[in-house]
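Quick notes on the structure that follows.
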Amino acid sequence: MSAAILQFLGLWALTYALVFGTYLGFGWAFTAWSQRHPERKIQPKRDGQKRRAKEIRASARSLVVTCGCFAGGLFCMLKGWTLFDPWPLTWWSAPLMFVASVIFYDGWFYVVHRLGHTGPFMKYHVLHHQSVAPTVWSNYSDTFFDAFTQQGYFLIVPLIVPFGWPIFVAHRIFDHFNGMIGHSGFEFAAGPSSRTPWPLASVTFHDMHHSTFNYNYANHFSFWDRVFGTIHPEYDHRCAEMEEKIASAGKSGGSQTPLPTS
């Protein structure tokens with residue numbers, strides 16, 4: 001076996017260990033914290049934690065593909081096997097490239113995610129939607145096909161867009177934790193910037209996708225769904241309701257009734 005293949009396999013294994021390890025660590029820490037903040041729960045009548053064991057097992061499998069995509073793209077960048085040389089990173093160019101990568105990825109995610117809700121592709125995406133009330137464990141509860149189409153961005157785009165490996169590493173770390181929080185079922189981002197006419201998406205945005213299925217396909221931004229007519233008609237209202245609910249709980253000192261631990 002060549003040295004290059006062994007290096008790639010080592011990078012793949014290291015990536016998996018780091019991602020799955022932080023998935024478990026952050027997941028348990030977030031679950032413990034969330035028990036003390038029931039006022040932030042988006043679907044209070046549903047207990048998504050009942051699927052925790054199944055979602056952890058599914059995530060352990062799908063992360064093999066997710067980490068393989070990222071390790072493959074990173075390995076090619078480190079070897080210089082890219083179409084263009086990376087642009088220099090400066091104090092002003094690095095943030096711009098990071099934001100651009102997040103926007104590019106959101107467009108990629110919108111397209112492949114919406115395809116996952118159509119025709120022959122639905123059978124590969126149905127596993128993820130068994131989590132009607134998603135939790136922090138739901139983010140990687142995917143089939144191999146789902147994981148490859150959504151995370152293939154980190155395998156393909158780095159080879160043709162000259163942002164450099166530190167940008168894609170930072171983006172992948174951001175997506176890792178943002179995705180877990182975005183599936184957590186607890187609101188953190190409800191506010192004016194998450195409602196029309198502003199472009200960001202709240203946790204409620206993706207939570208409504210899980211509970212209603214055919215709306216809100218994007219990941220970080222709501223403008224893709226607004227442009228293509230797939231925004232849930234009640235999203236802005238629900239987002240404002242969650243904002244008010246959290247603000248009211250804060251003024252009264254927060255809820256004192258913990259969530260069930262099942």
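By how many nm would the segment from HIS237 to PHE213 lengthen if fully extended, with 0.36 nm per residue of separation less the alpha-carbon distance?
On the way: separation 24, 0.36 × 24 = 8.64 nm, distance 1.80 nm.
Once the chain is fully extended between HIS237 and PHE213, it gains 6.8 nm.
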Between the alpha carbon centres of region 16-34 and region 131-176 the gap in Å comes to 17 Å
Taking Lys and Arg as +1 and Asp and Glu as -1, residues besides ALA29 with C-beta under 15 Å from its C-beta add up to +2
Residues of region 3-27 with backbone N under 15 Å of the label point set 7 Å from the Cα of LEU78 along Cα→Cβ are 3-19
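Using alpha-carbon pairs under 8 Å, 6+ residues apart, how would you state the relative contact order of the chain in percent?
Dividing the mean separation by the residue count of the chain yields 27 percent.
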Of 216-223, 75-82, ordering from highest average Cβ density within 10 Å down gives 216-223, 75-82
Per the 1/(1 + (r/R0)^6) rule, R0 = 25 Å and r from the Cβ atoms of GLN130 and PHE104, FRET efficiency to 0.05 is 0.30
Normalised Cα Rg of region 1-145, dividing by 2.2 N^0.38 Å with N its residue count, works out at 1.26
About its Cα centre, region 48-168 carries a charge dipole, from +1 on Lys and Arg Cβ atoms and -1 on Asp and Glu Cβ atoms, whose size in debye to the nearest 20 is 560 debye
Projected onto the charge dipole of the chain (unit charges on the beta-carbon of Lys, Arg, Asp and Glu, signs +1, +1, -1, -1), the Cα from ALA32, ILE42, VAL99 with the largest positive-side position is that of ALA32
So the compactness index of region 4-73, its C-alpha Rg divided by 2.2 N^0.38 Å, takes the value 1.43
Percent of all Cα-Cα pairs per 5 Å bin for the chain, counting from 0 up to the last occupied bin, reads 1, 6, 12, 16, 18, 17, 13, 9, 5, 2, 1, 0, 0
Ranked by GNM mean-square fluctuation in the chain (Cα springs under 10 Å), the top entry among LEU200, LEU63, LEU83 is LEU83
Descending packing, highest mean Cβ count within 10 Å first, for 128-141, 29-42 is 128-141, 29-42
With 0.36 nm assigned to each residue of separation and the Cα-Cα distance removed, TRP28 to ILE5 gains 4.8 nm
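Just so you know, all these numbers are worked out from the coordinates, no wet-lab data involved. Since we're looking at a predicted model, the values are computed, not measured. Using ideal geometry, Cβ is built from the backbone for each residue, glycine included, and neighbour counts are taken over all protein chains shown.
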